[in-house]
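> Mind having a look at this structure? Questions to follow.
The values are calculated or read from the model by the stated rules, or taken from the named source; none is laboratory data. What you see is a predicted model, and the numbers here were worked out from it, not measured in a lab. We place every Cβ from the backbone using ideal geometry, glycine too, and count neighbours over all the protein chains shown.
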Amino acid sequence: MSGVRLLVGTRKGAFVLTADGKRDKWDVSGPHFGGWEIYHLKGSPADPDRLWASQSSGWFGQIIQRSDDGGRTWDPVGNDFQYAGVPGTHQWYDGTPHPWEFARVWHLEPSLGDPDVVHAGVEDAALFRSTDGGATWAERPGLREHGSGPRWQPGAGGMCLHTILADPADARRMWVAISAAGVFRTLDGGDSWEPANRGLRSEGIPDPDAEVGHCVHHLALHPSRPDTLFMQKHWDVMRSDDGGASWREISGDLPTDFGFVIDVHAHEPETIYVVPIKSDSEHYPPDGRLRVYRSRTGGDEWEPLTDGLPQSDCYVNVLRDAMAVDRLDDCGIYFGTTGGQVYGSADGGDTWSAIVRDLPAVLSVEVQTLP
Amino acid sequence: MGVPAVTVRVVLPAHLRTLAGVGGEVEVEVADPPTIGGVLDALEARYPVLGGTMRDRATLRRRPFVRFFADEEDYSHAAADTVLPETVAAGKEPFCVVGAMAGG
């Protein structure tokens with residue numbers, strides 16, 4: 001029987017949650033790397049036993065771990081992230097030039113086809129790639145050096161490259177998102193990049209329609225429609241139907257269009273999910289009610305999903321990489337909270353239950369659908 | 001004839017012991033007289049996973065929340081070529097890598 005494996009990164013370690021296809025009974029393994037911040041874990045689409053984990057701490061820096069047996073055992077691989085050449089400066093919070101400094105890996109994106117190839121999105125924002133199973137890492141400098149880099153500024157969480165999307169139909173096309181610079185697109189496999197922010201409007205920057213400077217929180221796409229991208233921006237939920245060349249707002253009737261996560265149903269490319277958060281300073285659900293909002297129309301019209309989620313006194317946040325969907329026939333949706341809960345729905349979001357309730361603050365949730 | 005070497009005992013913090021896969025103190029061979037930089041070089045050579053965890057790979061600057069103690073003295077701010085005390089060279093005292101008290 002098929003099953004699912006949830007990979008959960010938290011402030012104090014990683015957890016692996018597994019269930020069969022019914023998804024009603026879960027085995028919890030962890031903490032792995034106890035005491036370390038695990039910003040992200042993800043499995044290789046080409047080899048589901050190969051997992052990657054970003055392990056970091058304020059004391060001892062960045063470690064990358066790799067498992068070749070589905071998370072039972074792990075081995076550290078290379079952790080040498082050196083910017084190419086002289087990295088120059090970006091803008092600091094006060095607008096002064098600040099040298100690029102590596103802090104941590106926010107996101108690991110394994111190749112769709114080669115288990116030895118993986119991209120890493122890092123803070124200060126840059127894109128790295130390993131082609132040897134994580135032993136060595138090389139920056140793709142065309143992104144940081146394409147021209148607007150000196151104008152990039154950090155968001156509240158740091159200047160991080162947090163989202164990496166690969167086009168399943170065209171290995172040369174990728175998108176990345178950086179807080180607070182925006183979306184960038186490559187059409188040549190990562191050698192050269194261009195901003196892809198036309199249509200975004202951010203009131204908190206001097207020129208609301210600027211080419212760069214937007215605090216994009218997360219991107220998602222459905223593999224069958226790689227020209228359509230969905231975005232949760234700092235404020236505003238957006239979509240693009242031309243591969244990121246232009247964007248339009250689809251916040252519609254959401255109670256607030258601030259938030260971090262966004263994802264797409266595995267089998268319905270126009271069904272999307274967000275978790276509205278009250279505001280950029282009040283990082284919790286409006287009215288203390290944790291609600292996932294679903295649109296079956298690709299945006300604009302949204303319905304709250306509440307069955308099984310706390311509807312009073314709930315003041316957790318759901319961070320940008322903390323939602324994922326499985327690919328079983330009845331699509332499963334999962335998200336983790338800063339309160340340590342991981343919620344799951346095995347029916348596309350109609351009903352929810354807590355898989356675990358008391359983990360450390362959840363930073364990321366990924367899911368693997370197992371044969 | 002090779003450079004004379006001494007064996008230096010090193011105490012690592014728990015997280016780095018886990019990373020390196022060691023249980024207690026470790027020992028490294030270091031050119032005599034042993035220096036801070038020499039001990040760190042030897043540690044990283046013997047346990048490559050420790051590269052970047054105690055000092056920056058490029059600048060070799062100590063990570064801010066890592067401290068170096070030896071024979072009840074704080075060597076955290078000493079230069080890399082600082083010679084460690086005779087008690088460390090003689091194996092009577094360990095060189096201690098410490099995770100700074102931080103985090104509340």
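> Of the residues A:D330, A:D350, only one is surrounded by fewer than 16 Cβ atoms within 10 Å (Cβ to Cβ), farther than 22 Å from A:F33 by Cβ and in contact (Cβ under 8 Å) with a residue 24 or more places away in the chain; which?
On the way: A:D330 fails: in contact (Cβ under 8 Å) with a residue 24 or more places away in the chain.
The unique qualifying residue is A:D350.
> Okay, next question. List every residue pair whose Cβ atoms sit under 9 Å apart, with the two residues 6 or more apart in sequence or on different chains, where the first one lies in the stretch B:1-29 and is more than 15 Å from B:A89 (Cα to Cα) and the second, anywhere, is of a type in the set (D, E) and outside any strand (DSSP E or B).
That search, which allows pairs on different chains as well, returns B:L12/B:E25.
> Among the residues of the stretch A:27-59, count how many are away from chain B (no Cβ under 14 Å), among the hydroxyl-bearing types (S, T, Y) and part of a strand (DSSP E or B). Full working, then the answer.
Residues of the stretch A:27-59 that are away from chain B (no Cβ under 14 Å), as a first pass: A:27-30, A:39-52.
Those still in the list that are among the hydroxyl-bearing types (S, T, Y) too: A:29, A:39, A:44.
Next cut, part of a strand (DSSP E or B) only: A:29, A:39.
The number of residues fulfilling the criteria is 2.
> In the stretch A:1-26, what residues are in a strand (DSSP E or B) and within 22 Å of A:E123 (Cα to Cα)?
If we filter the stretch A:1-26 for residues that are in a strand (DSSP E or B), which is where we start, we get A:3-10, A:13-20.
The answer is A:L7, A:V8, A:G9, A:T10, A:G13, A:A14.
> Being touching a residue at least 40 places away in the same chain (Cβ under 8 Å) and either touching a Phe, Trp or Tyr at 6+ places or on another chain (Cβ under 6 Å) or hydroxyl-bearing (S, T, Y) (or both) is the filter here, so list the residues in the stretch A:233-243 that pass it. Give the steps one after another, and end with the answer.
So in the stretch A:233-243, the residues touching a residue at least 40 places away in the same chain (Cβ under 8 Å) come out as A:234-235, A:237, A:239-240, A:243.
If the condition is that a residue be touching a residue at least 40 places away in the same chain (Cβ under 8 Å) and either touching a Phe, Trp or Tyr at 6+ places or on another chain (Cβ under 6 Å) or hydroxyl-bearing (S, T, Y) (or both), then A:W235, A:R239, A:S240 are the ones that fit.
> Only residues that are acidic (D, E) and surrounded by fewer than 21 Cβ atoms within 10 Å (Cβ to Cβ): list them for the stretch A:100-124, please. Write out each step before concluding.
Narrowing the stretch A:100-124 to residues acidic (D, E): A:101, A:109, A:114, A:116, A:123-124.
A:E101, A:D114, A:D116 - these are the residues of the stretch A:100-124 that are acidic (D, E) and surrounded by fewer than 21 Cβ atoms within 10 Å (Cβ to Cβ).
> Moving on to the next point. Here's a check for you: in the stretch B:70-104, which residue that is of a type in the set (A, V, I, L, M, F, W, C) and part of a loop (DSSP other than H, G, I, E, B) is farthest from the other protein chains (Cβ to nearest Cβ)? It would help to see each step written out before you state the result.
Within the stretch B:70-104, the first condition is being of a type in the set (A, V, I, L, M, F, W, C), and the residues that meet it are B:70, B:78-80, B:83-84, B:88-90, B:95-98, B:100-102.
Filter once more, keeping what is part of a loop (DSSP other than H, G, I, E, B): B:78-80, B:84, B:90, B:100-102.
On the way: B:A78: 20, B:A79: 21, B:A80: 18, B:L84: 22, B:A90: 29, B:A100: 7, B:M101: 10, B:A102: 7 Å.
Residue satisfying both the conditions and the ranking: B:A90.
> Of all residues in the stretch A:244-264 being part of a loop (DSSP other than H, G, I, E, B) and among the aromatic types (F, W, Y), which is surrounded by the fewest Cβ atoms within 10 Å (Cβ to Cβ)? Walk me through how you get there before you give the answer.
Step one: list which residues in the stretch A:244-264 are part of a loop (DSSP other than H, G, I, E, B), which gives A:244-247, A:250-257, A:259-261.
When the remaining residues are screened for being among the aromatic types (F, W, Y), the result is A:247, A:260.
Working: A:W247: 25, A:F260: 20.
The extreme case among them is A:F260.
> Mind listing just one residue for me: the one in the stretch A:81-99 that is surrounded by 16 or more Cβ atoms within 10 Å (Cβ to Cβ) and either hydroxyl-bearing (S, T, Y) or in contact (Cβ under 8 Å) with a residue 40 or more places away in the chain (or both) and, of those, farthest from the other protein chains (Cβ to nearest Cβ)? Give the steps one after another, and end with the answer.
So in the stretch A:81-99, the residues surrounded by 16 or more Cβ atoms within 10 Å (Cβ to Cβ) come out as A:81, A:83, A:87, A:90-91, A:98.
After this cut, where a residue has to be either hydroxyl-bearing (S, T, Y) or in contact (Cβ under 8 Å) with a residue 40 or more places away in the chain (or both) as well, the list is A:81, A:83, A:87, A:90-91.
On the way: A:F81: 9, A:Y83: 9, A:P87: 11, A:H90: 18, A:Q91: 23 Å.
My answer is A:Q91.
> Looking only at the stretch A:265-276, count every residue that is of a type in the set (V, I, T) and surrounded by fewer than 23 Cβ atoms within 10 Å (Cβ to Cβ) and tell me the total. I'd like the intermediate steps shown before the answer.
To start, the set of residues in the stretch A:265-276 that are of a type in the set (V, I, T) comprises A:271-272, A:274-275.
From the residues that got through so far, the ones that are surrounded by fewer than 23 Cβ atoms within 10 Å (Cβ to Cβ) too are A:271.
So the count comes out to 1.
> Another question, then. Among the residues of the stretch B:20-50, count how many are part of a helix (DSSP H, G or I), within 14 Å of chain A (Cβ to nearest Cβ) and more than 19 Å from B:V98 (Cβ to Cβ).
Taking the stretch B:20-50 and keeping what is part of a helix (DSSP H, G or I), we get B:20, B:36-46, B:48-50.
Subset that is within 14 Å of chain A (Cβ to nearest Cβ): B:20, B:40, B:43-44, B:48-50.
Next, from what is left, pick out any that are more than 19 Å from B:V98 (Cβ to Cβ): B:48.
Residues flagged as part of a helix (DSSP H, G or I), within 14 Å of chain A (Cβ to nearest Cβ) and more than 19 Å from B:V98 (Cβ to Cβ) within the stretch B:20-50 amount to 1.
> Answer yes or no as to whether A:Q62 is surrounded by fewer than 19 Cβ atoms within 10 Å (Cβ to Cβ), within 14 Å of another protein chain (Cβ to nearest Cβ) and either acidic (D, E) or in contact (Cβ under 8 Å) with a residue 40 or more places away in the chain (or both). Talk me through it step by step, then tell me what you get.
Working: surrounded by fewer than 19 Cβ atoms within 10 Å (Cβ to Cβ): no; within 14 Å of another protein chain (Cβ to nearest Cβ): yes; either acidic (D, E) or in contact (Cβ under 8 Å) with a residue 40 or more places away in the chain (or both): yes.
Considered against the rule, which asks whether it is surrounded by fewer than 19 Cβ atoms within 10 Å (Cβ to Cβ), within 14 Å of another protein chain (Cβ to nearest Cβ) and either acidic (D, E) or in contact (Cβ under 8 Å) with a residue 40 or more places away in the chain (or both), A:Q62 comes out as no.
> Find the strands (runs of 3 or more DSSP E) located wholly in the stretch A:65-125 whose residues include 2 or more that are more than 13 Å from A:S54 (Cβ to Cβ), and list them. I'd like the intermediate steps shown before the answer.
Values: elements: A:89-91, A:97-99, A:104-110, A:118-123.
Of the strands (runs of 3 or more DSSP E) lying wholly inside the stretch A:65-125, those with at least 2 residues that are more than 13 Å from A:S54 (Cβ to Cβ) span A:89-91, A:97-99.
> Across the stretch A:288-317, which residue is nearest to A:L229 (Cα to Cα) among those that are in contact (Cβ under 8 Å) with a residue 12 or more places away in the chain, of a type in the set (D, E, K, R) and exposed (fewer than 15 other Cβ atoms within 10 Å of the Cβ)? Spell out how you get there, then give the answer.
If we filter the stretch A:288-317 for residues that are in contact (Cβ under 8 Å) with a residue 12 or more places away in the chain, which is where we start, we get A:288-302, A:304-317.
From what is left, the residues that are of a type in the set (D, E, K, R) are A:289, A:291, A:294, A:296, A:300-301, A:307, A:313.
Pick out the ones that are also exposed (fewer than 15 other Cβ atoms within 10 Å of the Cβ) and you get A:296, A:301, A:307, A:313.
Numbers: A:R296: 15, A:E301: 17, A:D307: 28, A:D313: 34 Å.
Residue satisfying both the conditions and the ranking: A:R296.
> Return the residue satisfying two criteria in turn: it lies in the stretch B:1-14 and is modelled with pLDDT of 95 or more and not in a strand (DSSP E or B), and of such residues it is surrounded by the most Cβ atoms within 10 Å (Cβ to Cβ).
B:L12
> If you don't mind, there's one more thing I want to ask. Within the group B:R17, B:R57, B:R67, which residue is in a loop (DSSP other than H, G, I, E, B), among the basic types (K, R) and within 14 Å of chain A (Cβ to nearest Cβ)?
Numbers: B:R17 fails: in a loop (DSSP other than H, G, I, E, B); B:R67 fails: in a loop (DSSP other than H, G, I, E, B).
Going through B:R17, B:R57, B:R67 in turn, just one is in a loop (DSSP other than H, G, I, E, B), among the basic types (K, R) and within 14 Å of chain A (Cβ to nearest Cβ): B:R57.
> Follow-up. Kindly provide the set of residues from the stretch A:182-194 that are of a type in the set (A, V, I, L, M) and either modelled with pLDDT under 95 or within 16 Å of A:A220 (Cα to Cα) (or both), ordered by number.
Of the residues in the stretch A:182-194, the ones of a type in the set (A, V, I, L, M) are A:183, A:187.
Result: A:V183, single match.
> So the check is Cβ under 6 Å with 6+ separation or different chains; which pairs have a first residue in the stretch A:216-232 that's farther than 27 Å from A:G157 by Cα and a second one that's among the aliphatic types (A, V, I, L, M) and buried (at least 22 other Cβ atoms within 10 Å of the Cβ)?
A:H222/A:V264
> Yes or no: the stretch A:275-291 includes at least one residue that is under 24 Å from A:V216 (Cα atoms), modelled with pLDDT of 95 or more, under 17 Å from the mean Cα position of the chain (by Cα) and in a strand (DSSP E or B).
yes
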